[in-house]
Amino acid sequence: MSEDLQGLLERINRDGVEKAQREAVEIVAAAKKKAADIVKAANEEAARAKSDAEKAAKDYSARAAETVREAARDTVLSVQAAVTSLLEKLLSKDVAAALSDGRTASAIVADVVKDFAVKGEIACGPELAKTLAAQLAQEGGFTVVTDETLGAGFSVRLDGGRIEHAFTADVVAGELAKHLRPDLAALMK
């Protein structure tokens with residue numbers, strides 16, 4: 001009986017070891033499968049994160065490039081406006097100086113009034129009025145009136161003042177500046 005008992009114990013022991021080994025193999029297989037699933041999920045998450053990061057970097061780069069282009073355009077426009085303003089001021093100063101000179105202004109007035117078929121009046125500042133009064137008295141048809149609001153330059157008024165052509169420093173400089181701007185813009189580019 002002791003042999004039977006010994007055999008029974010060995011069989012129980014062997015069955016227990018075999019069962020434990022099968023369970024161990026199953027546990028290891030399940031653990032490997034779970035580990036593989038975790039690794040697969042982690043790889044998928046890492047791929048998604050990488051894709052999202054690459055897209056975000058690409059979007060950021062595009063926005064940054066657009067911001068730089070806009071800043072460059074704004075800088076060019078700002079410099080262009082500043083240079084244009086400076087040139088217009090210089091031009092206005094030079095035109096005002098030329099129109100303040102009695103001989104230059106009276107020559108301009110003579111050229112302007114010779115083309116008008118109708119007669120009218122010349123409005124100008126008091127200094128130019130003195131010079132023009134004598135000059136226009138010889139030609140006749142135009143009267144000279146003093147208008148201190150004009151500053152440098154003059155205006156030709158026709159049809160009782162309903163039609164007026166201004167030749168003031170600001171108007172002449174503004175017209176000259178209009179012609180300068182396309183060339184200036186081309187230079188700025």
For A152, residues with placed amide H under 5 Å, excluding near neighbours: A169
Near A46, within a Cβ-to-Cβ distance under 14 Å, what is the net charge of the other residues, with Lys and Arg +1 and Asp and Glu -1? -1
Which order results if H179, H165 are arranged by neighbouring Cβ count within 10 Å, fewest first? H179, H165
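All of the numbers you see were taken from the coordinates with simple rules; none came from a lab. What you see is a predicted model, and the numbers here were worked out from it, not measured in a lab. Cβ sites come from the backbone with ideal geometry, for glycine too, and all protein chains shown count toward neighbours.
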